[in-house]
1. State the number of residues belonging to region A:195-253 that are over 23 Å from A:Pro278 (Cβ atoms), among the small types (Gly, Ala, Ser) and within 16 Å of ligand 2 (Cβ to nearest atom).
2. Out of curiosity, is A:Val149 closer than 26 Å to A:Thr206 by Cβ, part of a helix (DSSP H, G or I) and in contact (Cβ under 8 Å) with a residue 40 or more places away in the chain?
3. If B:Val168 satisfies every condition in (1) within 30 Å of A:Val87 (Cβ to Cβ); (2) hydrophobic (A, V, I, L, M, F, W, C); (3) open to solvent by less than 50 Å² (accessible area, probe 1.4 Å) but one, which is the exception?
4. Among the listed residues A:Thr131, A:Thr112, which satisfies the condition of being within 12 Å of another protein chain (Cβ to nearest Cβ) and either aromatic (Phe, Trp, Tyr) or open to solvent by 20 Å² or more (accessible area, probe 1.4 Å) (or both)?
5. Suppose the filter is of a type in the set (Gly, Ala, Ser), within 14 Å of chain B (Cβ to nearest Cβ) and farther than 14 Å from A:Glu10 by Cα; does A:Ala57 pass it?
6. Does region A:11-55 hold any residues that are among the β-branched types (Val, Ile, Thr), within 16 Å of ligand 2 (Cβ to nearest atom) and either open to solvent by 10 Å² or more (accessible area, probe 1.4 Å) or at pLDDT below 95 (or both), and which are they?
7. Determine whether B:Gly234 is within 14 Å of another protein chain (Cβ to nearest Cβ), assigned to a helix (DSSP H, G or I) and small (Gly, Ala, Ser).
8. Kindly indicate the residue of region A:279-302 that is farther than 21 Å from A:Asp320 by Cα and of a type in the set (Asp, Glu) and also most open to solvent (accessible area, probe 1.4 Å) among those meeting that condition.
Amino acid sequence: MTGLNAIELEDVVKEYLSHGEVVQAVKGVTLDIAEGEFFSLLGPSGCGKTTTMRMIAGFEEPTKGLVKLHGQDVTNVPPNKRDVNMVFQSYALFPHMSVWDNVAFGLKQKKTPQDEIKRRVGEMLEIVDLTGREKRRPREMSGGQQQRVALARALVNRPRALLLDEPLGALDLKLRQAMQIELKRIQREVGITFVYVTHDQSEALTMSDRIAVMNDGLVEQLASPREIYERPATGFVAGFIGTSNLLTGTAVGGVLKVGDSRVLVPGHDGDVTVTVRPEKIAIGTEEPAPEMSVVRGTVTEVVYLGTYNSYAVRLSDSTDGTVITVFQQNAHDATATAERGDSVWLSWQARHSYVIGS
Amino acid sequence: MKRLTPYLLVLPSWIWLAIFLVVPMAAMASVSLQTGNAIDGFAMTFSFSNYGDALSRYSTQLLRSLLYGGLATVAMMLIGYPVAYWIAFRGGRRKSMYLFLLLLPFFVSFVLRTISWNFLLADNGILFGTLKGWGLLPEGFHVLATTFAVVGGLTYNFLPFMILPIYVALERVDPRVVEAAQDLYATRGAAFRRVVLPLSLPGVFAGVLMTFVPATADPINAAILGGTSNTMIGNIIQTEYLTNLNYPTASALSFTLMAVLLVGIFVYARVLGTENVLEAAAR
Ligand SMILES: Nc1ncnc2c1ncn2[C@@H]1O[C@H](COP(=O)(O)OP(=O)(O)OP(=O)(O)O)[C@@H](O)[C@H]1O
Ligand SMILES: [Mg+2]
């Protein structure tokens, strides 16, 4: 640890001119990424993840702002002079080179001695489990193998940071999950800073030390996965990460009250938006204890999902027909607590409500 | 019947080939072995000596054709590659317009285009005449009737056939692959040498085939721009056939040229086979 951040973005803006119109792809992003961290950029399509990444790699020059690597301003340094390597969304392997030559490319460009190239490429291919496939061409390999070549090609240079742009996007679910574990293992092994772009929230949650949730060219929240899941900073984050229920209303003396419903928001007054995760909510037909947050509603849908049931409950006390999603574990038996059309009570502990932005 | 279907489907193309390629070739092969003259008629004598005679008489022109064709091909490569590169990577939204401009001269007849060069390059024509008038060129300066004029004409006339295949190959190079090279510490020049150039070599290969063969066999440029001392094999064949009515010699020369070109192409493909080219470039 040097105490310096691996990557810093200071109020970075990127504008494109497209058909004579200025498009702001990134509207002012500030980030610090620590040494050795697994950092994810998460957000919907078109929110500016790739653009942000390309500015770190040096393929795009920011319209405004600074890019620093290890404390050094590299805003105007070309990509071949930056000590970071990129794994492209489509891998971008050299189609005319063997696996070995692909992986050795960076070391050759850096004029590394022959015997060292030989040793390091060999070691790297072992790490990504491609020993014995050195002579193959990229097109003779499966998607997962190509992905590992791309990873090896970047990692073999021992960059200060590795940038991965949706590297698992093209893989099927099973391979994806296997590669997630693999990537995490490799990152622990080599101890390099990973910047990981994805629009898959579960991928970001399971793999990252910290996540920046982006929306429309801005970072909405930058925090640990737990923090982002439990304490979303904005309604957008709450909605984007997992299934989340949003309740809005006016709180008086720490209680948001409509009809028989009461949502406890200690210490809050005035207009609030509250989120509560579906798995925190209990569903029942009897009135719950008074210290709980309670809402009443009618079951509109029950979906059996194997390990749990998912209920959609339309609130009877809300005028805009808010629907709350509830997950109930099938811990005891598979029969549902409530059927479609049943009138039910939903309850959860006060600490499981989270007032957005607080 | 099912098993025959594929063969039936290719039948029309086989008939086409038979009528328009095999039959005329066989006829020409037979003529090339006959003796006689236009007045008394020709008779089949299997005189293979026709080939030896034709070759010994016209070896200068044959070698000159190969030299001019080769020089023009190299010139087209040197001019065509940058043009193709520029259109593919810098053309932006106007790519199709540039390609159209490239093909525009084809709307004018080949002969007419070449004659216009004759006009342009004339010793006292609009270009050199004017420059000589200003005293910028010596009075004796001339370009017409030189090697330069013929090779220049060939280069001009066949250039699009070099550019198009190279363009197609470059167009297919994924820009992200080039970025990947730069990301892996390659300078712009190194990224070009190690990635763009090797990936475009199949296009260059195709371009050379498409230009070298017609340029070597072309009679028009030498006739219009070359004067009397730059005769190429195409002119000889034409003269033997149309003026001297010496069909056997003309046929023998045609076959010789074809054989030389085929052997050349074969050697070229073996030495520079695309796969090998790529292999070498990856080192
Ligand atoms: N070269 C360009 N010219 C014009 N606009 C661009 C350019 N590149 C990106 N944009 C725009 O900038 C915005 C952000 O693009 P970016 O590629 O960073 O999104 P992303 O978050 O990576 O999306 P995805 O998840 O789909 O890959 C988009 O609206 C896109 O249309
Ligand atoms: Mg992207």
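1. Looking only at region A:195-253, we keep the residues that are over 23 Å from A:Pro278 (Cβ atoms), and these are A:195-197, A:209-210, A:212, A:214, A:216-219, A:222, A:250, A:252-253.
Going one step further and asking which of them are among the small types (Gly, Ala, Ser), we end up with A:212, A:217, A:253.
Restricting the remaining residues to those that are within 16 Å of ligand 2 (Cβ to nearest atom) gives A:212, A:217.
Residues in region A:195-253 being over 23 Å from A:Pro278 (Cβ atoms), among the small types (Gly, Ala, Ser) and within 16 Å of ligand 2 (Cβ to nearest atom): 2 in total.
2. Values: closer than 26 Å to A:Thr206 by Cβ: yes; part of a helix (DSSP H, G or I): yes; in contact (Cβ under 8 Å) with a residue 40 or more places away in the chain: yes.
So A:Val149 fits the description; yes.
3. Going through (1) within 30 Å of A:Val87 (Cβ to Cβ); (2) hydrophobic (A, V, I, L, M, F, W, C); (3) open to solvent by less than 50 Å² (accessible area, probe 1.4 Å) one by one, B:Val168 breaks only (3).
4. A:Thr112
5. Details: of a type in the set (Gly, Ala, Ser): yes; within 14 Å of chain B (Cβ to nearest Cβ): yes; farther than 14 Å from A:Glu10 by Cα: yes.
In short, yes.
6. Residues satisfying the conditions are A:Val23, A:Thr50, A:Thr51.
7. no
8. A:Glu286
The values are calculated or read from the model by the stated rules, or taken from the named source; none is laboratory data. What you see is a predicted model, and the numbers here were worked out from it, not measured in a lab. Here the Cβ is made from the backbone with ideal geometry for all residues, glycine too, and neighbour counts use every protein chain on show. Heavy atoms of the whole protein, side chains included, go into the accessibility calculation; ligands, DNA and RNA do not. Shrake-Rupley method; radii C 1.70, N 1.55, O 1.52, S 1.80 Å.
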